[in-house]
Amino acid sequence: MREMAFLPALLALAAAAWAQPEQPDSTASPAQDAQTFESMFEAVCVTDAPNDDGGALEVSWTLSGSASPPDSIRILATPEGGEEFEAGWVLPGTDLFSLSGLEDGVPCSITLEAWAGGSPVSRSDAASATPSAQWFHSRRIGMFVITVLLAAVIFWYINRGKSGRPLFIREIAGLSAVDDAVGRATEMGRPVLYIPGIMDMDDIQTIASMVILGRVAAKTAEYGANLLVPNTRSVVMSVAQEVVKESYLQAGRPDAYRRENINYLTDDQFGYAAGVDGIMVRQRPAAIFLLGTFYAESLILAETGKSVGAIQIAGTAMPSQLPFFIAACDYTLIGEELFAASAYLSREPKLLGSLKGQDVAKLVIMLIIVIGVLASTAGTWWEPANRVADLLRFLTHVE
Amino acid sequence: MRKLLEKLDRVDRRVIYVLMALSVFVPLVFRLDFPIPVGGGPSRDLFEYVDSLPPGSTVLISYDYDPSTMPELQPMAVALTQHLFTNGHRIIATALWPQGASLSQEVLSSVGDSLGRTQYSDWVNLGYTVGAGVSVLRMGSSMQAVYPQDRDGVPYDSIPMLRRVTVIRDLDMIVCLSAGDPGIHAWVMMAGDRYGVPVGGGCTAVSAPEFYPYLGTGQMIGLLGGLKGAADYETLVREGAVGCPPGTATPGMAAQSIAHLVIMGFIVLGNITYLSVGKGRKGASR
Amino acid sequence: MNWDLVGIWLGAVLTLMLYSFLYRDNPFYKFAEHLFVGMSAGYWLIYTIFNVLIPNFWNELTGAGDGTPDLLMVIPGIFGLFMLARLVPKIAGLSRLALSMIVGTGAGLGLISTLQTNCLSQVEGTIVPLSGVGTAGFLNNLILVAGVVCGLVYFFFSKAHKGVVGAAANIGITVLMIAFGASFGYTVMARISLLIGQAQFLIFDWLPTFSIIFGAGG
Amino acid sequence: MRLVLPLIVTFICGMLMILQFFIPHRPFSLLGEELSDWYMIVASAAIFLGVVNLVQVHLMKISQRAKNWQYSPVVLLGFFVMTAAGAVWGVEEGRPFDYMFQNMVVPMGATMFSLLAFFVASAAFRAFRSSNWRATLLLLSAFIVMLGRVPIGDMIWRLFPGAASGAHPNLVSEAAEWLMQVPNMAGQRAVMIGAALGVVATSLRMIFGIERSYLGGAE
């Protein structure tokens, strides 16, 4: 970096030079040029910047068509009780300028100055407004309503689940195959390989995968199969170690837990794929789980797994990788089925309730779509119906 | 005939691998070529939007990929940069993937020198930032907070062409060349949806279907899908501006077409042998 | 010592070693695989330090960047140490705090951005009129809306896929399969272009070097 | 007791990230931005855990002479050479770190990625055995899109009598484009919306501490 030191100095010089011509040429007398560029500004309006955390105003204006456009427009701001300062320069093309760093509650008046040939030629009349912070983002009310609605539905059903009423859940082929996959591995005395995807713990699919790992580990502890969990993220490795240790504890087999089988390979996507392929061909696992977020390496892993003759259960919400898992794996959990796995395997009332809540949420979404489509279809010949469609579009539109 | 089909049914994976290798290496060694018709669709939409940018616009190109996806995305970056420089626009390069920074430097300096464009007045390389969508979100409130200095350590506010770009909304357009995450999703979510900046993109053919819904809802104004998208854009740019050096995507398309046909042949062959031989045997469940 | 030549040879030899995996697992692949794992782990460690921890954390904390030390950075520093506490068995429990911060932030951000972009924007885009868009428009919109609604019915968990629900779920899974087929077809091309990239490297960059090395004598 | 504090931290961080989206007012927007910076730093700090584990596992493999232990020194050598080169000579272009990266790590990554061309071919040959009508549909739409994306597709279509002069000379690529625009979009949207609801439910369960196995403390 050392030899780069001279560069900033050089640039500071260039920047200073660049700014030079902008300075007003005091000798030119603005008065006699003013009339040719009479009031160039129309509809100058200043408002508090909406939906922000305060201290900002938005200035909008239109240039009157008649006068020839100026070179640039200078924006001057004078907060009440403070002196005027230059807020910014814009090219004539733009018609909106946002000004920040002001004090909330202090009215501030804005004037616009048109510059041509290096001197001010026209000045708009002052318009003022008071910057303030909004407590609620006006354009995200629709999403807020839907978020609260979905959350309420899900929590309501979680509580209903707790009250012990039995909840039906349809059969998911991939998940009911977990038992015989681990059983098969135990019989053949070959390990079970669990691949949690390649993203970090901030990714919800990886979180869902960790929860499923807990259930799978409980089975391998119970059956006494050898569980391998290679990781590409360090945080996921630590969580995996915690989850598996806890499952082995719960199953009463703390001795069978081997921490070195849950290891870190590399953060590199394809370094990880190469490493896992090596594990597959050398350890020859009889059951392979590929659950979480996958990208291009999905087929490298699935095809190698197929070549060592393992039962493969895959699951991801990545639409681009689902075709490959369907092609190369025995069972594939598609999208939401990955998130249903923890409830399906544990049959805990709370989690089954949450699943029921997700179904009702889907019903809400489907109703919004169907009503919206019918309303906008009817809208083409019966105007009021369009307002219903527009309401639904507003509800689902988020700025 | 039945004997042949039975042998085909149990053919070894490695035979398929050898055939695949031949179908790619042979056309390349003998340099076969095919004409590229560029129909309507996302590639042309992106070209026309870039072509219609007002003069002196500032476009941000984000290099969100790494060398392993260079064959598809680098030709897009070169064609896009040629197009923007010949139309007299300014380019800001960013990267949400670490290696994207050096990839952008390669394109900007080589294309810039060939078309007489200089650093800091026509283009600047802000380099890599961690944080994916979160960094894009932060650019909404202040570009300088995310990039206090450019890739060579020059402070943000001392770069002349960045004088007027304080927040992401000041940009005329964003093009994200994306090989996965972080990539187009982050720019559409955080820059397009939130701040209304028009977002175009280029991606590997594998992730193109994922972004089609964004084209449908207008959240994206154009998309280059895979090597074909790159070849489309190369052809369109070369139609417009004379004297552009030929790209690398077009020759690759010939090898692509042949290998493509070989794979389709495998699908057809695979199913014929299966239907005729394995009538009794139940295939693997879905 | 022509370093470019050495570089091309290093890349080509390692490429062939990895390609040997297609035949079967062998010492060459094992060597290249282990080298790749080790070197890429080292690469990401250095890159994370130089590109994340120093500019975003250390410079901010000590104010080396723009001169004003931001003491708030002490908080992520502490959580980072909590994470590293896993190395010391006695205080490994502290790492749970760091884990919960990562999972909490990820869950919050994930919920909002996924709901906004992957759900609501898609629902908004599916509210389309069936009439007044011409017969082709009518058919396309009908298939789009029916596909999305039936696709969602397929994802129903608390109802058996029988009767009306079963029929809708069948339509849904059919549309899904066509969609997956389309993206498979679209994706196959990309995979081949990667092989083309490596083939071009071997044919146009590596092979010519043979004449330089071996042809030098002739 | 040992779980209460972490669960509180998860709740605070989760709710803060949600609220800062809806409430632009000063404390929330600022805290939202700070939190998203901090979580990056903490996640990055964890990489030390990973590399320590990597070194430990391979040292153990060598000491116990486990299967294939002869290759563990290669991992350790590769790791320490890269780390030392980066720490001593820095990461700028032309330095040993960047040289080894460009000439060794990058080609290996590209090679592993390109293996997919072979695996896609073998998957296409074996997997799409049309054992049921849905797999046939998947296969058919894949076939049309593949044909439509390459110039050869339309060439073959024009061989049919009257096809070239008819209304749709490029029927194959148009069909491919239609498959991508309509059914593909419908299918992708159904998966995205379904998965998004799964994400919402899972996130809420994490934030409100209903799902806590990730902390290793199954209740």
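The values are calculated or read from the model by the stated rules, or taken from the named source; none is laboratory data. Every value quoted in this text rests on a predicted model; they were computed, and no experiment measured them. Backbone-built Cβ (ideal geometry, glycine too); neighbour counts: all protein chains shown. Please note that ligands, DNA and RNA were not included when accessible areas were found on the heavy atoms of the full protein model with its side chains. Shrake-Rupley method; radii C 1.70, N 1.55, O 1.52, S 1.80 Å.
Brief remarks on what is shown
- Orientation-averaged projected area, Cα convex hull of chain B (nm²): 18.1
- The amide H of B:GLY202, built 1.01 Å from its N in the peptide plane, has B:CYS176, B:LEU177, B:SER178, B:LEU224 as neighbours under 5 Å, considering only residues 5 or more places off or on other chains.
- Solvent-accessible area per residue for the stretch D:129-219 (1.4 angstrom probe, square angstrom): 34
- All lysines inside 22 Å of A:LYS350 as judged from Cα atoms, apart from same-chain residues fewer than 8 positions distant: A:LYS162, A:LYS219, A:LYS362, C:LYS159
- The heavy atoms of A:TYR257 offer some 40 square angstrom of accessible surface to a 1.4 angstrom probe.
- Degrees, to the nearest 10: D:4-22 long Cα axis against longest axis of chain D: 50
- Vicinal HN-Hα couplings computed from phi for the stretch A:190-205 (Karplus, 6.51 cos²θ - 1.76 cosθ + 1.60; Hz; Gly/Pro x): 10, x, 9, 10, 10, 10, x, x, 10, 9, 8, 6, 7, 8, 4, 5
- About the centre of its Cα atoms, chain A shows a dipole size close to 2980 debye [charges on the beta carbon of Lys, Arg (+1) and Asp, Glu (-1) only; nearest 20 debye].
- Rounded Å value of the spacing that divides the Cα centres of the stretch B:40-107 and the stretch A:197-273: 40
- Put a dot 7 Å past the Cα of C:ALA160, heading toward its Cβ, do the same for A:ALA152, and the two dots end up 3.3 nm apart.
- D:GLU211 long-range amide H proximity, modeled H, under 5 Å: D:MET206
- Residues whose amide H falls under 5 Å from that of B:GLN149, counting only those 5 or more places apart or on a different chain, are B:TYR156, with hydrogens built in the peptide plane.
- Cross-link partners of A:LYS356 among aspartates and glutamates (Cα-Cα below 18 Å; sequence separation of 8 or more within a chain): A:GLU171, A:GLU336, A:GLU337, A:GLU348, D:GLU211
- Rounded tilt (10° steps) of A:173-188 against the dominant C-alpha axis of chain A: 50
- Within-12-Å neighbourhood charge of D:GLY194 [Cβ basis; K, R +1; D, E -1]: -1
- Net charge contributed by nearby residues that have their C-beta within less than 15 Å of C:GLY7 (K/R +1, D/E -1): -3
- Selected from A:PRO50, A:CYS108, A:THR377, residue furthest toward positive end of dipole (chain A; charges at beta carbon): A:THR377
- Cα Rg over Rh - the protein assembly as shown, Kirkwood: 0.96
- Gyration tensor verdict on the stretch A:173-339 (Cα atoms; rounded if a/c is under 1.5, prolate if a/b is larger than b/c, oblate otherwise): rounded
- The D-B contact accounts for approximately 4300 Å² of buried accessible area, totalled over both chains at a 1.4 Å probe radius.
- Each label was represented as a point 7 Å from its Cα along the Cα-to-Cβ direction; for A:ARG170 and A:GLU187 these points are 3.0 nm apart.
- Entry note, the stretch C:13-78: relative contact order of 15 percent, from Cα contacts under 8 Å with a spacing of 6+ residues.
- Think of the stretch A:173-339 as having a plus end and a minus end, set by charges on the Cβ of Lys, Arg, Asp and Glu; of A:ASN226, A:GLY174, A:PHE294, A:ASN226 sits farthest toward the positive end of this dipole.
- Positive contributions from Lys and Arg (+1) and negative ones from Asp and Glu (-1), summed over other residues with Cβ under 12 Å from the Cβ of D:LEU171, come out at -2.
- Using θ = phi - 60° in the Karplus curve 6.51 cos²θ - 1.76 cosθ + 1.60, the 3J(HN,Hα) couplings for the stretch B:84-89 round to 5, 5, 5, 8, x, 9 Hz; x is entered for Gly and Pro.
- Global geometry of chain D, whether rounded, prolate or oblate, following the gyration tensor of its Cα atoms and the 1.5 cut on a/c: oblate
- Mean Cα-pair separation over length for chain C, i.e. relative contact order, pairs under 8 Å, 6 or more apart, %: 11
- Of all lysines in the structure, those lying under 22 Å Cα to Cα from C:LYS90, and not within fewer than 8 positions of it along the same chain, are A:LYS245.
- Relative contact order [Cα under 8 Å, 6+ residues apart], chain D, whole percent: 18
- Beta-bridge orientation, the protein assembly as shown: approximately 45 percent antiparallel, per DSSP, counting only bridges with both partners inside.
- Considering only D:ALA175, D:ALA164, D:PHE208, and ranking their Cα positions along the charge dipole of the stretch D:129-219 that arises from unit charges at the beta-carbon of Lys, Arg, Asp and Glu, the one farthest toward the positive end is D:PHE208.
- Between the alpha-carbon centres of the stretch C:83-152 and the stretch A:347-363 there is a gap of 17 Å.
- The stretch A:202-307 - accessible surface per residue (Å², probe 1.4 Å): 23
- C-alpha long axis of helix D:72-89 to longest principal axis of chain D, angle in °: 80
- Accessible carbon and sulfur surface of the stretch C:130-218 relative to its total accessible area, %, 1.4 Å: 75
- FRET efficiency for A:GLN283 and A:VAL364, using Cβ-Cβ distance with R0 set to 56 Å, rounded to 0.05: 0.75
- Share antiparallel - DSSP beta bridges, the stretch B:42-247, percent rounded to 5: 5
- Global geometry of chain C, whether rounded, prolate or oblate, following the gyration tensor of its Cα atoms and the 1.5 cut on a/c: oblate
- Accessible surface, per residue, of chain B when the full set of protein chains is kept, probe 1.4 Å, Å²: 34
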